[in-house]
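Here, each number is a calculation from the coordinates, and none is a lab measurement. Please read these numbers as outputs of a predicted model, since none were measured by experiment. Glycine gets a Cβ as well: all are built from the backbone with ideal geometry, and neighbour counts include every protein chain shown.
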Number of protein chains: 2
Amino acid sequence: MSEGVEWALHTCANLACADPGEAVPAKRLAAAFALPTAYLNKQLQALARAGILTSTSGPRGGFRLARAPGAISLLDVVVAIEGAEEAFRCASILRASPWGREGVDYRATCAVSQAMRRAELAWRRELAGQTIADIAATVENRHPGTAERVGGWLTEARG
Amino acid sequence: MSEGVEWALHTCANLACADPGEAVPAKRLAAAFALPTAYLNKQLQALARAGILTSTSGPRGGFRLARAPGAISLLDVVVAIEGAEEAFRCASILRASPWGREGVDYRATCAVSQAMRRAELAWRRELAGQTIADIAATVENRHPGTAERVGGWLTEARG
DNA sequence: GCTAATGTACTCGGATATCGAATGTCCGAGTCCTTCTGG
DNA sequence: CCAGAAGGACTCGGACATTCGATATCCGAGTACATTAGC
């Protein structure tokens, strides 16, 4: 799995702590984890295209969450970065077998494909059940005051 | 996910239909799905290293299942090909943050890492619950006689 | 003093290199069968 | 006719190219603010 997924999840969690009225530049978001700014920017663009973030150009511009943290599931973020197609993609190799038929959609009927799809659905269901708000709540519960501190750090040192 | 996983799963399912006393060469296994022989051989070697298959050199040599199909889970096959490390690997980027501590194992405590790990465990649990025998049984149930036919095809045209 | 236009700095956005891993291919090591020769 | 040895063919096993996507970087487009000139 792409490393950008981890960056995106942590960055979204950070943005959940920031003031919704203030946009945070990619430069600042990258500095939070000592990440390369330009590449993180690329991931943020993907999140923006997916409708998870909104972007603003110019001075006092940057990124902010497009909707409430509780309405952003981990699956949303993963799909935005990794793409919608499932990890195991059936190539229908059964069709090339001597006992394979032509007019059959092996992607749907092949037993192997079905088993893998079932596993992947379990994975997606687990991810869809967790939101950015849940992550933030867990952290806040373990280390009270973190959200306040992070939110302040993200918007400090602003012209 | 690597395409070799699909090849490995289908090939194991085929071997489950073959006579356990007869080894099937990689060439024949590849011909079953019109796959490149040399590359499939590479995957079969990985399965042999993982203890899923046993290999025999020389004439009348080839591969066969190392244990009963019911004792080979889909997870075993996937791990043999893809490797044991999980798809989402926490890089502990929290350590680089201004509020990060040095002596903390973020791979275990980070909320993001935990959430992703939980999803991946669900995926693995689903894969571990299905065996090659289950796949073979499903196919045989839908298309009776397939196992017999496949098994015969694999060992026919043998000196 | 107020307004409007202009310049400037800051930010996103996409186009452009670089690197590693998956993909694909090849030849050598080992083994078993067959065959031939000698008794 | 039988036994043993040598040859050959078949198969796995790992070493060697190639292609594709993830990684990393840079420069241009657009915007808001500050400044300045004019009324």
- Message: List the lysines whose Cα sits under 16 Å from the Cα of B:K27, skipping any in the same chain fewer than 8 residues away.
- Response: B:K42
- Message: Compute, for chain A, the length of the dipole vector about the Cα centre, with Cβ point charges of +1 (Lys, Arg) and -1 (Asp, Glu) only. Units Debye, rounded to 20.
- Response: 260
- Give me the distance in nm between label points sitting 7 Å out from Cα along the Cα-to-Cβ direction at A:Q45 and A:R149, one decimal. 3.5
- Item | Using alpha-carbon coordinates, inclination of helix A:146-155 to the longest axis of chain A, degrees | 70
- Item | Residue order, fewest to most surrounding Cβ atoms within 10 angstrom, among A:C12, B:C110 | B:C110, A:C12
- Query: Give or take rounding to whole Å, what are the principal axis extents of the alpha carbon atoms in chain B, in descending order?
  - Reply: 70, 35, 25
- Query: Using Cα atoms only, what is the angle between the long axis of helix A:37-49 and the major principal axis of chain A, expressed in degrees (0 to 90) to the nearest 10?
  - Reply: 70
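For peptide A:122-130, how many partner chain Cβ atoms fall within 10 Å of a residue's Cβ, on average? Each step should come with its number before you reach the end.
Working: counts 9, 11, 3, 2, 8, 7, 1, 3, 7.
Across A:122-130, the average partner-chain Cβ count within 10 Å equals 6.
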- Could you give the radius of gyration (one decimal) and Dmax (whole number) of the Cα atoms in the protein assembly as shown, in Å? 24.4, 83
- Roughly how many nanometres apart are two label points built 7 Å out from the Cα toward the Cβ at A:T56 and A:R95? 5.0
- Message: Please compute the modelled spin-label separation between B:A137 and A:A84, points set 7 Å along Cα→Cβ, answer in nm with one decimal.
- Response: 3.6
- For chain A, whose charge dipole is built from +1 on Lys and Arg Cβ atoms and -1 on Asp and Glu Cβ atoms, the candidate among A:I52, A:A136, A:L29 with its Cα farthest towards the positive end is A:I52
- Given charges of +1 on the Cβ of Lys and Arg and -1 on the Cβ of Asp and Glu, with all other atoms neutral, how large is the dipole of the protein assembly as shown about its Cα centre, in debye to the nearest 20? 340
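Given the -39500 (n - 2.57) contribution per DSSP H run of 4+ residues, what per-residue ellipticity at 222 nm results for chain A, rounded to the nearest 500 deg cm²/dmol?
Counting only the DSSP helices, I get -16000 deg cm²/dmol.
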- Query: Angle, helix A:4-17 long axis vs. longest principal axis of chain A, Cα atoms, 0 to 90°, nearest 10?
  - Reply: 40
- Message: What does the charge count around B:L65 come to, taking other residues whose C-beta lies under 13 Å from its C-beta (Lys +1, Arg +1, Asp -1, Glu -1)?
- Response: -1
- Put a label point 7 Å from Cα along the Cβ direction on A:W99, then list its distances to the equivalent points in the other copies in nm, shortest first. 6.0
